[in-house]
1. If you go through segment 329-361, how many residues are buried (at least 17 other Cβ atoms within 10 Å of the Cβ) and at positive phi?
2. Take the residues of segment 9-48 that are assigned to a loop (DSSP other than H, G, I, E, B) and in contact with a His (Cβ under 9 Å, 6 or more places away or on another chain): which is most open to solvent (accessible area, probe 1.4 Å)?
3. Looking only at residues in segment 217-252 that are among the charged types (D, E, K, R) and within 18 Å of Asp265 (Cβ to Cβ), which one is surrounded by the most Cβ atoms within 10 Å (Cβ to Cβ)?
4. Please specify each residue of segment 342-354 satisfying the condition of being over 20 Å from the mean Cα position of the chain (by Cα) and in a helix (DSSP H, G or I).
5. Name the pairs whose Cβ atoms lie under 7 Å apart, with the first residue in segment 11-38 and in contact (Cβ under 8 Å) with a residue 40 or more places away in the chain and hydroxyl-bearing (Ser, Thr, Tyr), the second part of a helix (DSSP H, G or I) and open to solvent by less than 60 Å² (accessible area, probe 1.4 Å), and 6 or more positions between them or separate chains?
6. Before we move on, is Leu214 hydrophobic (A, V, I, L, M, F, W, C), in contact with a strand residue (DSSP E or B) (Cβ under 9 Å, 6 or more places away or on another chain) and open to solvent by 10 Å² or more (accessible area, probe 1.4 Å)?
7. Take Gln448 and tell me if it is open to solvent by 50 Å² or more (accessible area, probe 1.4 Å), at pLDDT below 95 and not basic (Lys, Arg).
8. Here's a check for you: in segment 117-135, which residue that is surrounded by fewer than 22 Cβ atoms within 10 Å (Cβ to Cβ) and under 25 Å from Lys197 (Cβ atoms) is modelled with the lowest pLDDT?
Amino acid sequence: MVFKLNNHLLSSIASSNGHGEDSPYFEGWKAYDSNPHHLTENPNGVIQMGLAENQLCFDLIQDWLENNPKASICTPEGVNEFREVAIFQDYHGLPEFRNAVAKFMEKVRGNKVTFDPDRIVMNGGATGAHETIAFCLADPGEAFLVPTPYYPGFDRDLRWRTGVKLIPVDSESSNNFKVTREALENAYEMAKLDNIKVKGLLITNPSNPLGTMLDRETLRSIVSFINEKNIHLVCDEIYAATVFSQPDFISIAEILQEDIECNLDLVHIVYSLSKDMGFPGLRVGIIYSYNDAVVSCARKMSSFGLVSSQTQHMIASMLSDDEFVGKFIRKSKRRLAARHRVFTYGLAQVSIKCLTTSNAGLFLWMDLSGLLKEKTFEAEMALWRVIIHEVKLNVSPGCSFHCTEPGWFRVCIANMDDQTMQVALSRIRTFVNKDVDTKKPKKTLRWQGSLKLNSPRIYDDFINSPHSPMPQSPLVRART
């Protein structure tokens, strides 16, 4: 007999939609999962450009693994370590793992700062690290300020099980989405008016989705702000090694070494190896806190999401290889820069602009506002559906990142090979530079300004054109 599980039998957390699966950010993943692109087996499938993975340096990883078989306890060379590693379950983590991670964090930051291995707290990826830090710092109903646009997963990671609120700090394209003191003060005061206690500020540096970095002046202003308000500062630095051009990355740890007034107990760093090394499946998340009580509490809470001892053992060996680490960081930067250069050039050929201040991350912040029928988020979603279902590219709309201006999209560029990238660019070119129905006058597609078109029906025209390579969309037919 099969029983249907009803929501009334579940807890409020289990039956809520706090995971955010109905967000367009995750909806795009579902479209890809149901019809994944493959160069030969499914060339007309959806190309995954909504997942920030770094797949550009796996040849380097594979070479290292082949040359260092003892790093794995599942090889003949490393099996003698199997027993000791397999039974290890101390939530402090293997000492060699914490030492290697601390050293790697220093190397990524140009050896301008030092990290104490005893302050390294491991978690199951950055997701687990963020939730743990939220549990440590805030009670249900209390809040963190978060500058927009921000990673959609934060709504899940920090809010779902903790009951913590996130309050957006608005930013604008007019100043390249910089975080300003005025915006921070406004968000803080609005929270007070709503009787919401602000416990901290969460920043992402480098930014996801912008691919930009916070400069020294902004970081100092942020430190001054949190110190004056006596609230916590959580710095997500998981893209630190993806900075591929000048200026160099500035960690919050570097700012704290300067002559600046700050209560160090208020500052915490979240890090992982998911982006910088391309290891999201290994679930290596890190909390580094300057607060002894937070280190102690987070370490106890990490029992719910430890990094496996087998992974710790392998990572410790890999990150302790100074020659390999230096080579990996250098080549990763070069390859990211090359990919960024090729993709932005391809977009520029069809007059698509991206945020010009981007010099980090695994993605571009792409401006398609000129392709909108009207400057609304409804129009953004309409365009996104066509891109997903007809052009068959999973890009993420700006509204899912809480962007305040419609028309921005995040497009991930480091999670595919060169051939797939060229297919993606070809689809974009076909979409924008489509053949026009001979009955329609050519002048209806004249560019106005940077990205605007005389005709607001660019994606309707694309789908309905007899020359379009895509089948006519039922979504578009319904609108027309």
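1. Within segment 329-361, residues that are buried (at least 17 other Cβ atoms within 10 Å of the Cβ) and at positive phi number 1.
2. Filtering segment 9-48 down to residues assigned to a loop (DSSP other than H, G, I, E, B) leaves 10-11, 16-23, 35, 37, 39-41, 43-45.
Pick out the ones that are also in contact with a His (Cβ under 9 Å, 6 or more places away or on another chain) and you get 43-45.
On the way: Pro43: 63, Asn44: 113, Gly45: 0 Å².
Of everything passing the filter in segment 9-48, Asn44 is most open to solvent (accessible area, probe 1.4 Å).
3. Here is the first cut: in segment 217-252, the ones among the charged types (D, E, K, R) are 217, 220, 228-229, 236-237, 248.
With the extra rule that they be within 18 Å of Asp265 (Cβ to Cβ), the set shrinks to 228-229.
Numbers: Glu228: 10, Lys229: 17.
It comes out as Lys229.
4. Let us first name the residues in segment 342-354 that are over 20 Å from the mean Cα position of the chain (by Cα), namely 342, 345-353.
Once the filter is applied, which keeps residues that are over 20 Å from the mean Cα position of the chain (by Cα) and in a helix (DSSP H, G or I), segment 342-354 yields Val342, Tyr345, Gly346, Leu347, Ala348.
5. Pairs that qualify, where the first residue is in contact (Cβ under 8 Å) with a residue 40 or more places away in the chain and hydroxyl-bearing (Ser, Thr, Tyr) and the partner is part of a helix (DSSP H, G or I) and open to solvent by less than 60 Å² (accessible area, probe 1.4 Å), are Ser23/Ser400; Tyr25/Ser400.
6. Numbers: hydrophobic (A, V, I, L, M, F, W, C): yes; in contact with a strand residue (DSSP E or B) (Cβ under 9 Å, 6 or more places away or on another chain): yes; open to solvent by 10 Å² or more (accessible area, probe 1.4 Å): yes.
For Leu214, the condition - hydrophobic (A, V, I, L, M, F, W, C), in contact with a strand residue (DSSP E or B) (Cβ under 9 Å, 6 or more places away or on another chain) and open to solvent by 10 Å² or more (accessible area, probe 1.4 Å) - is met.
7. Working: open to solvent by 50 Å² or more (accessible area, probe 1.4 Å): yes; at pLDDT below 95: yes; not basic (Lys, Arg): yes.
Taking the combined requirement at face value, the residue satisfies it.
8. Step one: list which residues in segment 117-135 are surrounded by fewer than 22 Cβ atoms within 10 Å (Cβ to Cβ), which gives 117-119, 124, 127, 135.
Next, only the ones that are under 25 Å from Lys197 (Cβ atoms) stay: 127, 135.
Values: Thr127: 94, Phe135: 97.
Selected residue: Thr127.
The values are calculated or read from the model by the stated rules, or taken from the named source; none is laboratory data. Predicted, not measured: the structure shown is a model, and the values here were computed from it. Please note: Cβ atoms are built from the backbone with ideal geometry, for glycine as well, and neighbour counts cover all protein chains shown. These area figures cover heavy atoms from the full protein model, side chains too; ligands, DNA and RNA do not enter into them. Shrake-Rupley method; radii C 1.70, N 1.55, O 1.52, S 1.80 Å.
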